[in-house]
Amino acid sequence: MALDHETLNALIDTVRRFVRERLVPLEARVAHEDRIPPDVIGEMRELGLFGMTIPEAFGGLGLNTEEECRVVMELGWTSPAFRSVIGTNNGIGSQGLVMDGTETQKAHYLPKMASGEIIGSFALTEPDAGSDAGSLMTQARPERGGYVLSGTKRFITNAPQAQLFTVFARTDPASRDSRGVSAFLVDAATPGITLGPKNRKMGQQGAHVCDVIFDGCWVPEAALLGGPANLNKGFQTAMKTLDRGRLHISALAVGCAERLITDSLNYALERKQFGEAIAQFQLIQAMLADSRTEAYAARCMVLDAARRRDVGEPVTMLASCSKLFATEMVGRVADRAVQIFGGAGYMEEAGIERFYRDVRLFRIYEGTSQIQQTLIARNMIRDAGG
Ligand SMILES: Cc1cc2nc3c(=O)[nH]c(=O)nc-3n(C[C@H](O)[C@H](O)[C@H](O)COP(=O)(O)OP(=O)(O)OC[C@H]3O[C@@H](n4cnc5c(N)ncnc54)[C@H](O)[C@@H]3O)c2cc1C
């Protein structure tokens, strides 16, 4: 449900102040300690950030896609590790449940996810099934009135903190592609689940990722997301979740780009060489102008696609266009920011090299840039009747 104008603006203002006054000063410490202070997570809970996209009926803020994107652009102003903590509860970790869960499943999990009492993770990727997620090998075998899950999930965001996994597993053993896959809601404390060590990553320290291993893990039939009617339809749930998730990541990329552009401009106005501020050099101006233009284009794309989704238009292709452009854009903006800062941009103190590493991930998860290109072209060809 859409918020009224005033309420949305108040929410955006509050988040903006929280991000700039509370989170930005903690960026270096979080990166250094690879940990977000628990009191900050508590404040995020109080602001309702864990439940932005969860319907109000289940205790969330019930933001529509455009509203969510506007708030996420504000969160993008700081290290993306902060956003990652609330990211899965708002995106891939909850939206399958919101879209396809039974009323009982929603009533059981969503209020706790909205409040941040539990963290939900999305377990699709496997060691041998990344971009080709439909080829996943994790098995869900019917047994004792439920299913036994066996298999390994790889690079699962927030898994070390999660209490709930949405797990995609093959329920039709004869199938080899996405058609034989179902989604399960699995309590992280279920016997038969172990976690791998936290992955040591290129960036986004403070956000944690690890393997999740299922070894003879029995779940009741009630764990089948959407109930028996959704048997073998889990991959469709995953793809619907990703439409919205890709817009969320696009909005995040826009927010990060806007921060980097502001930092670059401020530095260019202060830093003097050859007797004047480097902002006066046309070659620096070209970098600033290109970054500003591209970030503006990405902002317009994301908001347009989000509005279309909110009025019920199919946006699979537009979500891919947005993610492809916005995430590649922020990579270029971060690279120019390092260049504008010169040697200081390469050093830890300025924090620019950290953003450069942090934003690199956006081009990889929730579908790589190549997968977005493939999806866009496939949609174009299909629409042309090819
Ligand atoms: C930090 C992090 C967090 C993550 N969090 C989650 C999570 O919470 N849940 C989850 O399920 N997964 C998660 N992932 C997994 C992520 O979604 C995958 O890494 C991603 O989809 C790519 O899969 P892959 O790594 O196996 O690469 P691959 O699929 O092996 O791709 C390798 C390269 O080949 C290219 N390629 C592959 N297929 C094609 C093709 N058909 N055409 C052209 N090029 C192609 C890719 O674009 C890429 O450049 C996370 C990953 C990371 C790094």
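The values are calculated or read from the model by the stated rules, or taken from the named source; none is laboratory data. Source: prediction; values computed, not measured. Glycine also receives a Cβ, built like all others from the backbone with ideal geometry; neighbour counts cover every protein chain displayed. Keep in mind that these areas ignore ligands, DNA and RNA; they rest on the heavy atoms of the full protein, side chains included. Shrake-Rupley method; radii C 1.70, N 1.55, O 1.52, S 1.80 Å.
What do you reckon, is residue 92 within 16 Å of the ligand (Cβ to nearest atom), assigned to a helix (DSSP H, G or I) and touching a helix residue (DSSP H, G or I) at 6+ places or on another chain (Cβ under 8 Å)? Spelling it out, it is not the case that residue 92 is within 16 Å of the ligand (Cβ to nearest atom), assigned to a helix (DSSP H, G or I) and touching a helix residue (DSSP H, G or I) at 6+ places or on another chain (Cβ under 8 Å).
Residues satisfying the criterion are absent from the stretch 125-138 (criterion: away from the ligand (no atom under 12 Å from the Cβ) and over 28 Å from residue 369 (Cα atoms)). Restricting attention to the stretch 346-362, which residues are within 16 Å of the ligand (Cβ to nearest atom) and open to solvent by 50 Å² or more (accessible area, probe 1.4 Å)? 356, 357, 360, 361 - these are the residues of the stretch 346-362 that are within 16 Å of the ligand (Cβ to nearest atom) and open to solvent by 50 Å² or more (accessible area, probe 1.4 Å). Under the condition of being among the acidic types (Asp, Glu) and assigned to a loop (DSSP other than H, G, I, E, B), the residues counted in the stretch 124-150 number 2. Selection of the stretch 96-113 for residues being more than 17 Å from residue 238 (Cα to Cα) and not polar (S, T, N, Q) yields 103, 107, 108, 109, 110, 111, 112, 113. Within the stretch 243-278, the set of residues being open to solvent by 10 Å² or more (accessible area, probe 1.4 Å), part of a helix (DSSP H, G or I) and either farther than 18 Å from residue 359 by Cα or of a type in the set (Lys, Arg) (or both) comprises 243, 244, 246, 259, 265, 266, 267, 269, 270, 278. If you check 59, 76 for being among the small types (Gly, Ala, Ser) and under 17 Å from the mean Cα position of the chain (by Cα), only one passes: 76.
Yes/no matrix, rows are residues, columns are (1) outside any loop (DSSP other than H, G, I, E, B); (2) in contact with a strand residue (DSSP E or B) (Cβ under 6 Å, 6 or more places away or on another chain); (3) over 26 Å from residue 25 (Cα atoms); (4) without any contact (Cβ under 8 Å) to a residue 12 or more places away in the chain:
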residue: 324; (1), (2), (3), (4): yes, no, yes, no
residue: 328; (1), (2), (3), (4): yes, no, yes, no
residue: 332; (1), (2), (3), (4): yes, no, no, no
residue: 336; (1), (2), (3), (4): yes, no, no, no
residue: 340; (1), (2), (3), (4): yes, no, no, no
residue: 356; (1), (2), (3), (4): yes, no, no, no
residue: 372; (1), (2), (3), (4): yes, no, yes, no
residue: 378; (1), (2), (3), (4): yes, no, yes, yes
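Of the residues making up the stretch 139-160, those that are more than 10 Å from the ligand (Cβ to nearest atom) and under 28 Å from residue 369 (Cβ atoms) are 151, 152, 160.
If only residues of the stretch 363-377 that are surrounded by fewer than 16 Cβ atoms within 10 Å (Cβ to Cβ) and more than 6 Å from the ligand (Cβ to nearest atom) are counted, the one that is farthest from residue 87 (Cα to Cα) is 377. The requirement of being within 15 Å of the ligand (Cβ to nearest atom) and open to solvent by less than 60 Å² (accessible area, probe 1.4 Å) is satisfied by residue 324. Which of the residues belonging to the stretch 27-62 are aliphatic (A, V, I, L, M) and touching a residue at least 40 places away in the same chain (Cβ under 8 Å)? Passing the criteria: 28, 30, 31, 36, 40, 41, 44, 49, 54, 61.
Number of residues in the stretch 164-179 that are within 15 Å of the ligand (Cβ to nearest atom), surrounded by fewer than 22 Cβ atoms within 10 Å (Cβ to Cβ) and either more than 16 Å from residue 225 (Cβ to Cβ) or of a type in the set (Val, Ile, Thr) (or both): the value is 1.
Here's a check for you: in the stretch 225-235, which residue that is farther than 21 Å from residue 89 by Cβ and either touching a residue at least 24 places away in the same chain (Cβ under 8 Å) or not in a helix (DSSP H, G or I) (or both) is least open to solvent (accessible area, probe 1.4 Å)? Result: 227.
Only a single item in (1) open to solvent by less than 30 Å² (accessible area, probe 1.4 Å); (2) away from the ligand (no atom under 16 Å from the Cβ); (3) among the small types (Gly, Ala, Ser) is not met by residue 343, and it is number (1).
Which of (1) open to solvent by 20 Å² or more (accessible area, probe 1.4 Å); (2) of a type in the set (Val, Ile, Thr); (3) in a strand (DSSP E or B) is the odd one out, the single condition residue 190 does not satisfy? Answer for residue 190: the failing condition is (3). For the stretch 71-87, indicate whether the set of residues that are of a type in the set (D, E, K, R) and either open to solvent by less than 10 Å² (accessible area, probe 1.4 Å) or free of Cβ contacts under 8 Å to residues at least 60 places away in the same chain (or both) is non-empty. No: zero hits. Evaluate the stretch 3-11: report whether one residue or more is over 26 Å from residue 165 (Cβ atoms), out of contact with any helix residue (DSSP H, G or I) (no Cβ under 7 Å at 6 or more places or on another chain) and in a loop (DSSP other than H, G, I, E, B). Among the residues of the stretch 3-11, at least one is over 26 Å from residue 165 (Cβ atoms), out of contact with any helix residue (DSSP H, G or I) (no Cβ under 7 Å at 6 or more places or on another chain) and in a loop (DSSP other than H, G, I, E, B), which makes the answer yes. Does residue 97 fit the bill of being outside any strand (DSSP E or B) and crowded, with 20+ Cβ neighbours inside 10 Å? The answer is yes for residue 97.
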